[in-house]
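This report refers to the structure that appears directly beneath it.
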């Protein structure tokens, strides 16, 4: 029983972290609260599902979906997020504008998806990666994969941000974008790449969620909601915080559904959110950000 | 014409609907230290930022060694000109070494830092400390070091002694003089302190977006009107 709870908790934590990673990264690097990130990932997942239905090669299906998500993510960054952010000279007013604009997109996306794909539910039917036994508990290949990708998403950025010059420049941009421009950093290019990576991770999160659970038109909004909740609790923009919160939520959700029943999952999650906001309003591991 | 490393001609800049700079003519020779003085709001910072390609030029031209950089992006200009902004001139949560590392064009972490530490030994002791933990003077030294690390031959310094104690002001100004002589840099430095006249060759006085007075530092130093009006010195 304890093992069951732990294994489920870990795989949930992996997915939560994947979903919140894009939100965290975009906010951490550019200060952009992009609420459309969930629907962007979902759009890619829908493309993959449709391609799978058409019996295309699995690799091609995944590539098409990933490409679509990255393209949509970058286009939204360039034509919605950045113009809105800069319309009143950036800062907190710019952020509010981005929230309004991308919230609008969040509401718009389900209708667009329904019109394009002519369906509400989508099942991700990827080839099975097998079922494994760990500590007398069975775990599917995709659950393992979500844990693995989440770990990689934690370790790789940590290495890039602390050990490479490019990563150090990105940290510089988060602390002072103007000074970064003066020392010759192409800040806009960094934002574009960030938006692409955020869209890609949102897509991977959506695919794994769809493989383990299922996808529907509202899933994108739910991803955004979870992504932001986790990001806010962790300390907006903090990758370490997002990982910690993902583990906490994974554990609480898993324990709740095993011990008292799945109905209470959301109540417990919301309670945790409220407690964190009361006792650590800047998040569990706040980031350092100057301007 | 080819005599000047950096020249501005009839430079006119608007920010929104406001005319901030009007018909600026300003030149710097190779290896020359030029001071730009003037009250707050005179347009000194805008002038620097315009050279760096941040603001749009309405009229006139900016040239490096005779070729125009008007309309060029900041990324390209920053390879020729290094600007140290007035405030927030360092990355607060990067270490001293990281600040220098990302400022320079070479990708090697340690290259060029030895020369910088020779001029500012205080920085070497704090090499792995975050910039936010440094004192105001040390932070300004780091900012100068970052400017040097870029290895440009033109250095723009926007009020580098703002908020520093008189003693530290003197030290920073002396280091600027040392840097400019040692590396044959052309330096344009905006200041409000009269001490800048001691380390500069020539002076431009900017007021209301226009150059009002210009001349050799040694001569303007004696000018009673300049001392009183622009540098706030008690006579």
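Values in this text are rule-based calculations from the coordinates and carry no lab data. Just so it is clear, the structure is predicted and the values come from calculations on it, not from any experiment. We place every Cβ from the backbone using ideal geometry, glycine too, and count neighbours over all the protein chains shown.
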Enclosed volume per residue, in Å³, of the convex hull spanned by Cα atoms of the stretch B:1-115: 140
Convex hull volume per residue in cubic angstrom - Cα atoms of the stretch A:162-204: 72
All-pairs alpha carbon distance profile, the stretch A:250-291, 10 Å steps from 0, percent: 27, 36, 25, 9, 2
Kirkwood hydrodynamic radius (C-alpha pairs) into Stokes-Einstein, the stretch A:123-173, 20 °C and 1.002 mPa s, D in µm²/s: 160
Folded to 0 to 90 degrees: helix A:165-175 orientation relative to chain A principal axis, Cα: 70
Rg to Rh quotient for chain B, alpha carbon positions, Kirkwood Rh: 0.96
Contact order relative to length of chain A, as percent, for alpha carbon pairs under 8 angstrom and 6 or more apart: 37
Calculated Rg and Dmax of the stretch A:1-138 using C-alpha coordinates, Å: 18.2, 58
Kirkwood hydrodynamic radius over Cα pairs of the protein assembly as shown, then Stokes diffusion coefficient at 20 °C and 1.002 mPa s, in µm²/s: 83
Packing-based ranking, highest mean first, of B:120-132, B:146-158 given that Cβ atoms within 10 Å are counted: B:146-158, B:120-132
Nearest-ten-degree value, helix A:37-53 long axis tilted from longest Cα axis of chain A: 50
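What does the average come to when, for each residue of peptide B:79-86, you count the partner chain Cβ atoms lying within 10 Å of its Cβ?
Across B:79-86, the average partner-chain Cβ count within 10 Å equals 2.
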Mean separation of Cα contacts under 8 Å, 6 or more apart, over the residue count of chain B: relative contact order %: 27
Using a Förster distance of 35 Å, the FRET efficiency for residue A:178-residue A:266 (Cβ separation, nearest 0.05): 0.25
Equivalent ellipsoid, the stretch A:146-291 (semi-axes from 5 times Cα gyration tensor eigenvalues, Å): 31, 18, 13
Reference-scaled alpha-carbon Rg (2.2 N^0.38 Å with N residues) for chain A: 0.99
Convex hull per residue volume in Å³, alpha carbons only, for the stretch A:1-82: 118
q = 0.33 Å⁻¹: log10 I(q)/I(0) that the Debye formula gives for the stretch B:45-87, counting C-alpha atoms only: -1.39
Residues B:15, B:171 arranged by fewest to most Cβ contacts within 10 Å: B:15, B:171
Relative contact order [Cα under 8 Å, 6+ residues apart], the stretch A:198-291, whole percent: 29
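Hey, what D do you get for the stretch A:50-118 in µm²/s if you plug the Kirkwood alpha-carbon radius into Stokes-Einstein at 10 °C and 1.306 mPa s?
Value of D from the Cα-based Kirkwood radius: 114 µm²/s.
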Förster radius 22 Å - calculated FRET efficiency between residue A:186 and residue B:135, Cβ distance, rounded to 0.05: 0.10
Nearest-ten-degree value, helix B:136-149 long axis tilted from longest Cα axis of chain B: 90
Peptide B:96-103, shielding by other chains (average Cβ, 10 Å cutoff): 4
Kirkwood hydrodynamic radius of the stretch A:1-41, from inverse mean 1/r over distinct Cα pairs, in Å: 11.6
Percent of Cα pairs exceeding the 23 Å cut-off, where the set is the stretch B:122-218: 29
